[in-house]
Amino acid sequence: MACAAEHAAFNFIAVTAACAEVQRREDRPVDGTSLAMGAAAACLPSLPDFLEPAVHPNHRQFFHSVTFAVALSFGMRRVYKWEPEGELERIARAVLLIGGAAYLAHLARDAFTAKSLPLV
């Protein structure tokens, strides 16, 4: 089972790389935004474990599943496409994207452990 420090490091690397790739694909300059997003995601290393605490090795259920990861990915795609109108909406969009990316990075890291992720 991966510890919070491993999840934090993985979140930082995965989210920073993903944000830099999005910037590159959109022909935007790769700037400190990707590092800031990665750092914020590293501060949220255990979101799935908040919903399903890792009190035993078989704690992974729905919120640690492939099904939930797919559903979250679809939700994040909608949030990414959302064009906020006000400052509060821009902040909400950023928080949702960072939180979703941190959650997905956690699940990706868990997928490569011996217990992996259940389908549902």
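Overview of results
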| quantity | calculated |
| --- | --- |
| On Cα atoms only, tilt of 4-25 relative to the major axis of the chain in degrees | 30 degrees |
| Extension gain from residue 58 to residue 79, taking 0.36 nm per residue of separation minus the Cα-Cα distance | 4.4 nm |
| Cβ-placed point charges (K, R +1; D, E -1), dipole of the range 4-111 about Cα centre in debye, nearest 20 | 220 debye |
| Cα-based helix-to-principal-axis angle, 87-111 vs the chain, degrees rounded to 10 | 40 degrees |
| Virtual spin-label span in nm between residue 115 and residue 25, 7 Å along Cα→Cβ | 3.2 nm |
| Cα-derived Rg over Rh, computed across the range 1-87 with Rh taken as Kirkwood radius | 1.03 |
| Ordering of 93-102, 66-75 by packing [mean C-beta count within 10 Å, highest first] | 93-102, 66-75 |
| Centre separation in Å (Cα based) which lies between the range 40-60 and the range 74-107 | 20 Å |
| Degrees between helix 66-81 axis and first principal axis of the chain (Cα, 0 to 90, nearest 10) | 10 degrees |
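Each value in this text was obtained by applying a stated rule to the coordinates, not by laboratory testing. Because the structure is a prediction, the values reported are computed rather than measured. Note that we place each Cβ from the backbone using ideal geometry, even for glycine, and neighbour counts take in every protein chain shown.
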